[in-house]
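The values are calculated or read from the model by the stated rules, or taken from the named source; none is laboratory data. Worth saying up front: this structure is predicted, and the values here are computed from it rather than measured. Glycine also receives a Cβ, built like all others from the backbone with ideal geometry; neighbour counts cover every protein chain displayed.
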Amino acid sequence: MPSPSINIEDGSIDGTLAKGQPFYWYNPTSADVTVANCGTWCGASSYTVPAGQYVEATILANPNSNAYAFTESPNEWDAPGMPHISAPGFEVTRPKEAA
């Protein structure tokens with residue numbers, strides 16, 4: 001399992017995210033998902049994450065300080081609100097919840 005990773009279904013983080021460092025989008029669903037509108041904090045504005053796979057991305061060295069939001073197509077987000085993670089500021093670790 002690559003780390004750190006962000007689960008596109010619930011926003012949980014496995015590992016530690018840091019500015020200017022790589023991470024992986026993780027898609028635990030059965031559908032291919034395009035994560036988009038994340039260019040204010042990621043190296044690219046969109047990423048296609050195949051079902052059950054990890055795709056490498058990078059957090060910008062100077063990301064937008066607002067919440068790290070994104071959109072999904074199709075929308076596989078199952079947590080409340082818009083898809084997002086808590087803005088890490090510098091580094092953040094959020095343990096994954098037990099399944």
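Among the residues of the stretch 30-55, those that are surrounded by fewer than 18 Cβ atoms within 10 Å (Cβ to Cβ), part of a loop (DSSP other than H, G, I, E, B) and touching a residue at least 24 places away in the same chain (Cβ under 8 Å) comprise Ala31, Asn37, Thr40, Ala51, Gly52, Gln53.
Filter the stretch 1-19 down to residues that are assigned to a loop (DSSP other than H, G, I, E, B) and either farther than 16 Å from Phe70 by Cβ or at pLDDT 90 or above (or both), then give me how many there are.
Residues of the stretch 1-19 assigned to a loop (DSSP other than H, G, I, E, B): 1-4, 8-12, 15, 19.
Retained after the next criterion (residues that are either farther than 16 Å from Phe70 by Cβ or at pLDDT 90 or above (or both)): 1-4, 8-9, 15, 19.
The number of residues fulfilling the criteria is 8.
If you check Ala57 against the conditions, is it on the phi < 0 side of the Ramachandran plot, small (Gly, Ala, Ser), touching a strand residue (DSSP E or B) at 6+ places or on another chain (Cβ under 9 Å) and at pLDDT below 95? Taking the combined requirement at face value, the residue does not satisfy it.
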